[in-house]
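Shown next, in structure tokens, is the structure this report addresses.
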Amino acid sequence: MAKLHSRKLYRYAAPWRACGLLCPGPTSPIRCGDQERLASRTAGGQDGRGRMGQQLDGRKRRWIVTGAVVAVTAGGIALAASDLPKATLRGTDAPPVAKPAKPSAPLPTEHLASWNPERNAYFGDLHVHTKLSFDAYIFNVRATPDDAYRFAKGEPIGHASGAQVRLAGGPLDFVAVTDHSEYIGAMEEANDPASPISKLPIVQGLFSSDPKQMQVAFNRMVFGYGAGTLPKEFSDPRIVSRAWNELQTAAARNYEPGRFTTFVGYEYTSAPDGRNLHRNVIFRTAKVPGAPYTALQSNDPENLWRTMDAWRGKGVEALAIPHNSNGSDGLMFDTMRLNGKPIDRTYAELRTRNEPLAEISQIKGTSETHPSLSPNDEWANFEIMERYIGVDMKVKHFRGGYVRQALKDGLVFQDRQGFNPFKFGFIGSTDTHNAAPGSAEEKNFFSKVGRVDFTPEQRMSIPPGGAKSWDGIDPNTAIRFQDWGASGLAGVWAEENTREAIYAALRRKETFATSGPRIRVRFFAGYDFPADLAKRPDLVTQAYAHGVPMGGDLLPAKGRAPRFLVWGVRDPNSGFLQRAQVVKGWIENGVAKERVFDVACSDHLSVDPATGRCPSNGASVDLKTCEPTRFKGDVELRTVWTDPTFDPKQRAFYYVRVLENPSCRWSTWDALRNGTPPNPTLPTTIMERAWSSPIWYEPKA
């Protein structure tokens, strides 16, 4: 019998361009009114027998499947491409560092009473901006890192518009505040009359109440950064230190092991020629460097990774998570290095050691795949954004900008050269610039960039000026905001809600992404699963014992095909599930290919062998009320699947995608509340979804 091995745990232009759960039958692994074991938040979870545990936090019951500056960063105010100075590659020669240390082993820790060896599902947001971010402050955001954590815990906070906002779906489990490291805290100083920065000519008009004057001042700031002419005062070490300490102090003050986990983090904001190469850097513990490494020092991510290696050699453990590859114009997962040199083994190891994950869904679009890259995937056209981040310029190169193609390119590298630079798991997050982690709710959407896009009229989801129809109105005057989606969230499978356990899950890629709902997804592969695995009460125990979870490597077993456990459970505050799919990529005769398999259907339906698809379950939405069709869809989808095309000689990856029934998009909810027709150029409905991290099949031991 072949052994199963888990994979090893390694791995300008301006950078400012970011800017009623149903109780199933007695054989179901879900039980309503489950145990209340603990006084801490994680009061249940997987009980080792494959059932849904219950999570109690004193505020809300939740169910878990157990076992360019400103606009350019946030994408808020678009600039014309002609307004941007030509970029140069900066900082390509980093100082030499010692032999890189491997990512540290998990820290020894005493387990909480809630510790669960079969692991619980936790939901969080690892991409959050507050007033400390250059762009957010200009958008009138004054909320602090502490406010962001309060929002994540379910409390209301003040919005830049003056309104109060809060989560509708309940508190999150973990959050990292990741303010832009470039000029962190500088805008707050610039708005202080007592600060010397406020007297600088370039600042004048930046905080004007006149939007036109503010736009002119803002454009001046962006151009100044791109040309490298911003005054050095904006990077005063005193300002950086104050803001960096504020982030650390807030994370420490709000960390409640077992109940709510915080991480110290920041965003590295590189965008050569406007092409997004942003990363969020997440630290495992409170031990962090004296200051962030920023794109002002180098806009080449290789130098960020080398710096992270150097930190690791001094006991500072961190990982980086790239995001918005869809706005990179093919640069994020390019098959050449940024410096024009070919990718080699050293590069691949450097990258995978420091970037085990990618953020694939957020407000500025979803980066799973593009219809032009996956023409046979009927669900590829999901919240697609085809413009640069914050620049009025269309993306021309989709390859290199989407994770499915990157995974395929990684297989080609592995097949031809023996290394894979694109071996990563998935998360989602929001990229909120409102200090509002988890604000990815369609019905409760208040968008992203402060007072710039708060109202439906600003987002052009309703006719402007009180009009009751779209007759004679151009519906595309706010196309950037219209392209944005109410997404996403990060999910992890961890033994308990602590920094150590959640960070370890991030490192081993036992993570999943959702487009907003708290859908739980599990995915295992193995050769020796019991024949009745899907029906066993101890299926999670058996899956861990005889297989590898998402994020792992599966080695060959001579003459045998692997089996895959696919399991998704709906968010009780969202729609019912329609289908579960497995997305496969593989190498055939040296060429990377892909295919999407429907593997589990709702409503007692079966996959049609002729089409390979689930028949329609008849689910739809009444656009007059946004009410979905009743009694359609399932609470959970669970199956054990075997790949009918499996070839033991072909290198491959597999990941799960779970789709909900159709539901109203945020723009349709805006129109419904306004009593006007939806914007005719926007989708009226979407199918919310979740994605597991991949499992890689390696044909050579």
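The values are calculated or read from the model by the stated rules, or taken from the named source; none is laboratory data. All of these numbers come straight from a predicted model, not from anything done at the bench. Cβ: placed from backbone, ideal geometry, glycine included. Neighbour counts: every protein chain shown.
Once segment 462-495 is narrowed to residues that are closer than 25 Å to residue 359 by Cβ and either more than 23 Å from the chain's Cα centre (by Cα) or of a type in the set (Asp, Glu) (or both), the residue that is surrounded by the most Cβ atoms within 10 Å (Cβ to Cβ) is 495. For residue 254, are the conditions met, namely being touching a strand residue (DSSP E or B) at 6+ places or on another chain (Cβ under 8 Å) and farther than 23 Å from residue 435 by Cβ? Here the answer is no, as residue 254 does not meet what is asked.
Note on segment 390-403: residues that are surrounded by fewer than 24 Cβ atoms within 10 Å (Cβ to Cβ) and touching a Phe, Trp or Tyr at 6+ places or on another chain (Cβ under 9 Å) amount to 4.
Residues in segment 178-211 that are assigned to a loop (DSSP other than H, G, I, E, B) and buried (at least 23 other Cβ atoms within 10 Å of the Cβ): 178, 179, 181, 182, 183, 184, 185. The residues listed here are 518, 480; of these, the one that is out of contact with any Gly (no Cβ under 6 Å at 6 or more places or on another chain), part of a loop (DSSP other than H, G, I, E, B) and under 22 Å from residue 430 (Cβ atoms) is 518.
For segment 157-175, the set of residues classified as over 18 Å from residue 515 (Cα atoms) and of a type outside the set (D, E, K, R) consists of 157, 158, 159, 160, 161, 162, 163, 164, 165, listed by residue number. For residue 291, the conditions (1) surrounded by fewer than 24 Cβ atoms within 10 Å (Cβ to Cβ); (2) of a type in the set (A, V, I, L, M); (3) over 30 Å from residue 245 (Cβ atoms); (4) at pLDDT 95 or above all hold with the exception of (3). Inspect all residues belonging to segment 323-332 and state whether any of them is surrounded by 19 or more Cβ atoms within 10 Å (Cβ to Cβ), on the phi > 0 side of the Ramachandran plot and part of a strand (DSSP E or B). The answer is no; no qualifying residue exists.
Residues checked against (1) surrounded by fewer than 21 Cβ atoms within 10 Å (Cβ to Cβ); (2) under 29 Å from residue 422 (Cβ atoms); (3) out of contact with any strand residue (DSSP E or B) (no Cβ under 6 Å at 6 or more places or on another chain):
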residue: 520; (1), (2), (3): no, yes, no
residue: 544; (1), (2), (3): yes, yes, yes
residue: 548; (1), (2), (3): no, yes, no
residue: 558; (1), (2), (3): yes, yes, yes
residue: 570; (1), (2), (3): no, no, no
residue: 591; (1), (2), (3): yes, yes, yes
residue: 596; (1), (2), (3): yes, yes, no
residue: 606; (1), (2), (3): yes, no, yes
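Quick grid of which residues meet (1) hydrophobic (A, V, I, L, M, F, W, C); (2) modelled with pLDDT of 95 or more; (3) assigned to a helix (DSSP H, G or I):
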| residue | (1), (2), (3) |
| --- | --- |
| 140 | no, no, no |
| 143 | yes, yes, no |
| 147 | no, yes, yes |
| 150 | no, yes, yes |
| 154 | no, yes, no |
| 162 | no, no, no |
| 169 | no, no, no |
| 172 | yes, yes, no |
| 176 | yes, yes, no |
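Quick check: anything in segment 550-562 under 23 Å from the mean Cα position of the chain (by Cα) and either more than 19 Å from residue 426 (Cβ to Cβ) or among the polar types (S, T, N, Q) (or both)? Looking for residues that are under 23 Å from the mean Cα position of the chain (by Cα) and either more than 19 Å from residue 426 (Cβ to Cβ) or among the polar types (S, T, N, Q) (or both), one finds none in segment 550-562, hence no. Taken over segment 277-288, residues that are crowded, with 24+ Cβ neighbours inside 10 Å and either β-branched (Val, Ile, Thr) or at pLDDT below 95 (or both) amount to 1. The number of residues in segment 337-356 being surrounded by fewer than 18 Cβ atoms within 10 Å (Cβ to Cβ), at negative phi, out of contact with any Asp or Glu (no Cβ under 9 Å at 6 or more places or on another chain) and not in a helix (DSSP H, G or I) comes to 3. From the list 266, 293, the lone residue that is in contact with a strand residue (DSSP E or B) (Cβ under 6 Å, 6 or more places away or on another chain), closer than 30 Å to residue 398 by Cα and outside any helix (DSSP H, G or I) is 266. Scoring residue 258 on the criteria (1) assigned to a helix (DSSP H, G or I); (2) at pLDDT 95 or above leaves a single failure, condition (1). Within this structure, residue 193 passes the test of being more than 26 Å from residue 297 (Cβ to Cβ), at pLDDT 90 or above and of a type outside the set (S, T, N, Q).
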